[in-house]
Amino acid sequence: MGLIVQKYGGTSVGDLNRIRNVAKRIIKTYDQGNDVVVVLSAMAGVTDNLIKMAQEISDLPIEREMDVLLATGEQTTVALMAMMLQSMGYKAQSLLGYQAEILTDNAATKARIQNIGAARIKDLIAQKHIVVVAGFQGSDHQGNITTLGRGGSDTTAVAVAAAIKADSCEIYTDVDGIYTTDPRICEKARKLSRISYDEMLEMASLGAKVLQIRSVSFAKKFNVPIHVRSSFNEEEGTMVLDENTGMERLEVSGITCDKNEARITLKRVPDQPGISSKIFCPIADAGIVVDMIIQNTRTGGDTDLTFTVTKSDFKAAVEIAERVGKEIGATEVLTAEDIAKISVIGVGMKNHSGVAAKMFSTLAQENINIRLISTSEIRISCVIEKKYAELAVRALHTAFGLDKKE
Ligand code: ASP
Ligand code: MG
């Protein structure tokens, strides 16, 4: 018996039949003696369609109205779910974001949750209701409806779980957990039974699209264990939790491949104080996030400066690099879009030596040239040519002992 938050994503509530199946699943948990709070996404495709319609009216729709519009997707599913549960003979009530007292800042379309006054949710639980909360939405201090950014229902679920001190937060989705790598790239990818918050944050930022990244930061901050699992079967999924809760100590837990970056090199910039700030301040002012930065010093008093940005920022970043490059006397600006960033990720790296060496020698054995390297405490990333990305992922997956046992 416990207090359980269950979040169901868009595919899981994609039509009435699926809503009925999800309702049965909720009831099963409830009938086992648990209190259940359900958080729902909009039906699959609905949010996309709403955005499309708004964009047919204007390229830049007013964000306040955008939020009023987008919040309707979740309003639909929570009402239908509450009706479905009631029709099956259970006490259930839907709550929109503001009714669940989900207070956010006023950053429309990307609001952050500031507080959840969980009183109403708790009241309903005390009356043995199944509470069905609309994901992805809240309201700001003026009472405007806000939304939390794409995929934001995950964050609603974790935040609600933290606010009501739930025993567990289950995220039901159309995949059955977090994998060691993308199974479409590597058929030997295997489902992880556990992964730490920090590993998941690195995996998410590097392209695994299972959880909204902000929900993981939230879960880490409030130490809410998340169980990611499929809504289409009964199998256990993956627990995302604090690294100190009995994790298996693998050197490496996952391998990611990010083809969404491009590389820019300024050749022979003066090796002097202030040069980096001359380049990166205008880039930051343009709202461009830089990922890797590498500087090679030569003996002649100049250096090559290389950095990567996401492809969507590439054009703007090149323009800035060319303009600033001229000002500071760089000889040339080189660019490459056909790159891939391959990363090995694992908290176990903190205690195992030689992970980087193993990564480099594995790539060397496949004759893959490494263009850039960057590391964090639990991640090593190499930028390579894009055409070798899949080969690199598979080779590293085997080298680090992640292959599924046949
Ligand atoms: N419906 C929103 C979206 O599609 C929020 C969510 O599903 O988490 O992004
Ligand atoms: Mg989602």
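Below, the figures for the structure above:
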{"quantity": "Matching entry among Arg184, Arg120, Arg150 (being of a type in the set (Lys, Arg) and either touching a Leu at 6+ places or on another chain (Cβ under 7 Å) or on the phi > 0 side of the Ramachandran plot (or both))", "calculated": "Arg120"}
{"quantity": "Matching residues in the stretch 146-165 - criterion: being more than 12 Å from ligand 1 (Cβ to nearest atom) and outside any helix (DSSP H, G or I)", "calculated": "Thr146, Ile164, Lys165"}
{"quantity": "Residues located in the stretch 186-235, provided they are away from ligand 2 (no atom under 16 Å from the Cβ), over 27 Å from Ala399 (Cα atoms) and open to solvent by 30 Å² or more (accessible area, probe 1.4 Å)", "calculated": "Lys220, Lys221, Phe222, Asn223, Pro225, Asn233, Glu234, Glu235"}
{"quantity": "In the stretch 1-25, residue farthest from ligand 2 (Cβ to nearest atom) [restricted to those that are among the hydrophobic types (A, V, I, L, M, F, W, C) and outside any strand (DSSP E or B)]", "calculated": "Met1"}
{"quantity": "Total residues in the stretch 138-152, condition open to solvent by 10 Å² or more (accessible area, probe 1.4 Å), closer than 17 Å to Tyr8 by Cα and either more than 14 Å from ligand 2 (Cβ to nearest atom) or among the aliphatic types (A, V, I, L, M) (or both)", "calculated": "0"}
{"quantity": "Verdict on Val68 being in contact (Cβ under 8 Å) with a residue 60 or more places away in the chain, surrounded by fewer than 21 Cβ atoms within 10 Å (Cβ to Cβ) and over 26 Å from Asp167 (Cα atoms)", "calculated": "yes"}
{"quantity": "Within the stretch 376-406, tally of residues that are open to solvent by 70 Å² or more (accessible area, probe 1.4 Å) and in contact with a Ser or Thr (Cβ under 7 Å, 6 or more places away or on another chain)", "calculated": "0"}
{"quantity": "Boolean, Ala82 is away from ligand 1 (no atom under 16 Å from the Cβ) and open to solvent by less than 10 Å² (accessible area, probe 1.4 Å)", "calculated": "yes"}
{"quantity": "Residues of the stretch 282-309 satisfying the condition of being under 15 Å from Leu372 (Cβ atoms) and of a type outside the set (A, V, I, L, M, F, W, C)", "calculated": "Asp291, Gln295, Asn296, Thr303, Asp304, Thr306, Thr308"}
{"quantity": "Single match in Glu377, Glu337, Glu322, Glu406 (criterion: out of contact with any Pro (no Cβ under 8 Å at 6 or more places or on another chain), closer than 19 Å to Ile293 by Cα, of a type in the set (Asp, Glu) and at pLDDT below 95)", "calculated": "Glu377"}
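Residues are listed down the side, and each one gets a yes or a no for (1) away from ligand 1 (no atom under 15 Å from the Cβ); (2) among the hydroxyl-bearing types (Ser, Thr, Tyr); (3) open to solvent by less than 40 Å² (accessible area, probe 1.4 Å); (4) out of contact with any strand residue (DSSP E or B) (no Cβ under 9 Å at 6 or more places or on another chain):
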| residue | (1), (2), (3), (4) |
| --- | --- |
| Met1 | yes, no, no, no |
| Gln6 | no, no, yes, no |
| Thr11 | no, yes, no, no |
| Asp15 | yes, no, no, yes |
| Val22 | no, no, yes, no |
| Arg25 | yes, no, yes, no |
| Asp35 | yes, no, yes, no |
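The values are calculated or read from the model by the stated rules, or taken from the named source; none is laboratory data. For clarity, every value in this text was computed on a predicted model and none was experimentally measured. No Cβ is skipped: glycine too gets one built from the backbone with ideal geometry, and neighbour counts run over all protein chains shown. Accessible surface is based on the protein model in full, side chains and every heavy atom, while ligands, DNA and RNA are left aside. Shrake-Rupley method; radii C 1.70, N 1.55, O 1.52, S 1.80 Å.
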